Amino acid sequence: MSVANYFETMEYGPAPEADGEARAWLARHGATFGHFIAGKFTAPHAGKHLTTIEPATGKALARIAQGAAADVEAAVHAARTAQVAWAKLGGHGRARHLYALARMLQRHARLFAVLEAIDNGKPIRETRDLDVPLAARHFYYHAGWAQLQEREFADQVPIGVIGQIIPWNFPLLMLAWKIAPALAAGNTVVLKPAEFTSLTALLFAELSAEAGLPPGVLNVVTGDGATGALLVESPVDKIAFTGSTEVGRLIRQTTAGTGKSLTLELGGKSPFIVFDDADIDGAVEGVVDAIWFNQGQVCCAGSRLLLQEGIAETFRRRLIRRMSTLRVGMPLDKAIDMGAVVAPVQLERIKALVETGVKEGAEKYQTPGAMPAEGCFYPPTLLWNVHPSSTVATEEIFGPVLVAMTFRTPDEAVMLANNTRYGLAASVWSETIGLALDIAPKLLAGVVWVNATNLFDASVGFGGYRESGFGREGGREGMVEYLKPKAWSGRKARPKASPLPIASGASAGFDVPPIDRTAKLFVGGKQVRPDGNYSRAVLSPKGRRLGEAGEGNRKDIRNAVAAARAAESWARATAHNRAQILYYLAENLSARGDEFTRRIADMTGVSSAKARGEVDASIERLFSYGAWADKFEGSVHAPPLRGVALAMHEPIGVVGVACPDEAPLLAFISLVAPLVAMGNRVVAVPSERHPLAATDFYQVLETSDVPGGVVNIVTGDRGELVKVLAEHDDVDALWAFGSQDASAAAERLSIGNLKRTLVDHGLALDWYDKAASEGPILLRHAVQVKNIWIPYGD
Ligand code: NAI
């Protein structure tokens with residue numbers, strides 16, 4: 001078409017970005033890449049390569065190495081070798097390196113933006129204006145944390161070598177999200193990019209070496225899922241993964257019991273809720289950003305449109321009109337809205353799911369207009385009148401497909417929004433701030449945007465609730481994921497327990513027996529008999545029978561979990577109220593201090609003075625959590641976008657706790673109190689060997705106004721009960737202390753609903769050492785952070 005024609009028709013002409021520099025970079029490498037290990041490209045050991053395709057044309061773009069075990073080993077070795085010196089460099093030294101990486105990204109912004117668009121298929125408009133600037137911002141922000149680390153994270157140390165596995169939807173941005181905090185904290189990295197989109201990671205590695213990053217600090221091993229699996233099994237200290245929930249589960253299983261830390265950022269099916277008083281045109285634009293940004297290949301895409309009934313029809317009309325103006329085209333064309341889907345396999349998946357949606361009765365609307373003939377393109381799609389339980393409303397489509405349904409009342413909106421196994425993000429649209437801020441806390445999602453969507457910043461944590469994974473990226477909480485408490489490093493394995501004593505035989509003559517007391521279980525605020533009606537003898541170290549404790553089973557745990565779930569109002573009790581109850585517990589424990597002292601001395605064989613010390617430490621610990629209850633608060637972030645983000649500390653929900661045998665009262669209190677202080681409800685399994693301090697505690701709970709169901713106690717076999725708790729899908733988190741077996745079982749068996757776990761891996765904690773077992777060190781595991789973005793100022 002001539003320019004005159006364009007004036008005539010007012011149609012867009014192509015405005016392609018030049019790709020010469022990116023193609024020249026590929027040519028310089030002969031379009032074939034090795035792994036980037038110890039500061040240079042290294043040929044793959046097995047000599048195998050994969051071909052990476054340009055999604056918009058279907059043409060081969062480059063060959064990347066398929067990482068084998070020896071490659072992963074070499075990379076982990078390089079990272080291990082570099083880690084000590086990297087940590088020793090200190091915060092300021094690392095800050096300067098991160099700053100240099102940010103500058104390097106900005107210097108080469110155009111090259112990165114073009115290469116990313118070619119390799120991934122996403123529009124240059126997005127890579128240029130979002131992916132690359134946000135990646136640079138991540139390095140600047142984390143250069144800041146490195147600088148402040150010695151002051152702000154003084155009680156933490158780096159974890160070591162981190163294995164990071166990232167997906168193809170934001171290849172460069174995910175690299176930045178992963179490596180910036182890891183390096184800032186003093187760790188070194190082996191990164192495995194997604195097989196579809198490894199090129200910007202390789203470019204980044206090459207340019208970071210040029211920017212002076214020491215060899216081995218960042219290593220990139222390419223390859224498919226098999227290479228990823230090798231990295232997971234390698235001797236790294238932590239795995240950080242972003243990708244599908246399915247692979248996330250596998251990784252949880254493989255790492256269970258190994259002592260490796262793990263963070264998972266998985267899928268979503270995020271709701272986009274529009275109330276009838278919303279700015280409709282604003283919300284329609286929001287939908288465009290929610291689901292057609294990056295071809296909908298966004299883990300937090302607003303893929304479920306929930307419309308209040310009164311505006312549904314108007315909204316549908318305006319949305320369809322807006323869809324007709326969207327342009328799908330070549331990624332390097334600066335005037336397109338949507339580019340290509342990443343790969344044929346994803347395109348087929350999207351097509352199949354849309355067909356399913358239509359078969360399930362949805363009405364389908366698609367953006368009309370020409371799409372490039374070749375390549376992986378799919379038009380913006382709306383599925384209208386979708387049933388909340390249909391496949392397309394529950395499965396992550398990971399493509400430009402929006403499913404719509406309606407609701408009548410705010411309560412119904414919340415119910416529909418939470419009707420998913422995921423919990424990554426949510427978007428709420430209403431001009432009534434009171435309504436939006438009433439809904440936000442009720443949404444089970446790690447991020448909530450009010451009158452906005454898909455906002456990201458390095459200073460604001462990102463990550464999910466429920467099956468969207470655990471851990472946060474960004475913000476202070478993201479840094480903590482790459483550090484471990486100093487007080488926990490250098491812990492020794494718990495000494496092997498001496499064999500259980502044998503009950504001593506009858507003494508000569510007849511004794512008057514003590515009045516029999518069989519401790520029951522404590523469920524829903526009441527003492528109840530164990531379901532199986534069995535109990536076990538509790539003996540002193542010398543074999544004297546001290547009493548009997550109920551033998552809890554699967555049914556008892558189920559009842560306790562149901563009671564804990566029903567005590568949901570505890571999550572909404574004010575922090576002041578929770579603090580008062582914790583102080584009251586301390587007061588009532590103190591009143592019965594002598595009795596508890598005798599009990600501990602009898603059960604464990606320690607001296608009375610030592611037992612008294614344990615009781616006193618327990619009283620102080622309760623006091624301490626009374627103090628923390630209204631002080632371990634969230635914060636307010638001021639990202640460089642219009643608005644603020646409230647980082648709220650929310651309780652996780654129902655938490656299972658298995659306690660160790662050492663310090664049976666103090667350890668029990670140390671684990672239960674932080675959870676209760678933060679609004680969780682607990683199902684606790686006390687020390688298996690010395691349970692009577694916890695069962696004596698029933699009466700303290702009963703006299704201290706703790707609402708029924710907030711603390712439930714089931715005595716019995718730790719191993720068995722941990723297993724039941726781990727497999728129970730209505731338990732949201734599990735803290736398993738006391739043995740390596742319990743730790744491993746908690747991690748391995750909790751994949752059903754991807755519980756957050758905190759375990760001791762059989763390493764003993766010093767329960768008297770406050771630095772190791774009191775305060776934020778545990779409190780941060782007792783909350784999940786929800787970031788609520790709200791408009792503020794101009
Ligand atoms: P995926 O989860 O298989 O791939 C993500 C990364 O994990 C890639 O680097 C891959 O090589 C690696 N990987 C695959 N199998 C592995 C294993 N067994 N052990 C270790 N690493 C492994 O995702 P895929 O197959 O590319 O996409 C499938 C679906 O996953 C998408 O349709 C979407 O629903 C979801 N997904 C979600 C993402 C998110 O950001 N939450 C990103 C990518 C995909």
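Results for (1) surrounded by fewer than 22 Cβ atoms within 10 Å (Cβ to Cβ); (2) hydrophobic (A, V, I, L, M, F, W, C); (3) at pLDDT below 95; (4) more than 30 Å from Thr420 (Cβ to Cβ), shown as yes or no for each residue.
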position	(1), (2), (3), (4)
Val157	yes, yes, no, yes
Ile179	no, yes, no, yes
Gly212	yes, no, no, yes
Ala226	yes, yes, no, yes
Ile251	no, yes, no, no
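Entry remark, region 298-354: residues being of a type outside the set (Lys, Arg) and more than 16 Å from the ligand (Cβ to nearest atom) number 28 in total.
The residues of region 365-376 that are touching a strand residue (DSSP E or B) at 6+ places or on another chain (Cβ under 8 Å) and buried (at least 21 other Cβ atoms within 10 Å of the Cβ) amount to a single one, Thr367.
The sole residue among Glu309, Glu313 that is touching a strand residue (DSSP E or B) at 6+ places or on another chain (Cβ under 6 Å), among the charged types (D, E, K, R) and farther than 23 Å from Ala373 by Cα is Glu309.
Of everything listed in (1) within 12 Å of the ligand (Cβ to nearest atom); (2) buried (at least 24 other Cβ atoms within 10 Å of the Cβ), the single unmet condition for Asn219 is (1). Helices (runs of 4 or more DSSP H) fully within region 377-461 that include at least 2 residues being more than 26 Å from Ala645 (Cα to Cα) and touching a strand residue (DSSP E or B) at 6+ places or on another chain (Cβ under 6 Å): 391-394. Checked against the criterion of being touching a residue at least 24 places away in the same chain (Cβ under 8 Å), of a type outside the set (A, V, I, L, M), under 30 Å from His142 (Cα atoms) and in contact with a helix residue (DSSP H, G or I) (Cβ under 7 Å, 6 or more places away or on another chain), region 675-698 has no qualifying residue. For region 244-266, the tally of residues that are within 10 Å of the ligand (Cβ to nearest atom) and either within 18 Å of Val189 (Cα to Cα) or in contact with a Cys (Cβ under 8 Å, 6 or more places away or on another chain) (or both) stands at 4.
Scanning region 543-581 for residues that are within 20 Å of Arg718 (Cβ to Cβ) and in a loop (DSSP other than H, G, I, E, B) turns up Glu551, Gly552, Asn553. Of all residues assigned to region 340-350, at least one qualifies as being surrounded by fewer than 18 Cβ atoms within 10 Å (Cβ to Cβ), under 18 Å from Ala393 (Cα atoms) and touching a residue at least 24 places away in the same chain (Cβ under 8 Å).
So if I check each of Ala733, Ala744, Ala726, Ala782, which one is more than 24 Å from Thr420 (Cα to Cα) and of a type in the set (Gly, Ala, Ser)?
Every option except Ala744 fails the conditions.
If you take the residues of region 372-400 that are among the hydroxyl-bearing types (Ser, Thr, Tyr) and within 15 Å of the ligand (Cβ to nearest atom), which of them is farthest from the chain's Cα centre (by Cα)? Among those residues, the one meeting the criterion is Tyr378. Across region 181-209, the qualifying residues are those that are β-branched (Val, Ile, Thr) and out of contact with any Leu (no Cβ under 7 Å at 6 or more places or on another chain), and the one among them that is surrounded by the fewest Cβ atoms within 10 Å (Cβ to Cβ) is Thr197. Within the option set Ala85, Ala113, Ala117, being surrounded by fewer than 24 Cβ atoms within 10 Å (Cβ to Cβ) and out of contact with any strand residue (DSSP E or B) (no Cβ under 6 Å at 6 or more places or on another chain) holds for one residue only, Ala85.
The values are calculated or read from the model by the stated rules, or taken from the named source; none is laboratory data. As the structure is a computational prediction, the values presented were derived from the model and not from experiment. Neighbour counts are summed over all protein chains in view; Cβ atoms, including those assigned to glycine, are modelled from backbone coordinates with ideal geometry.
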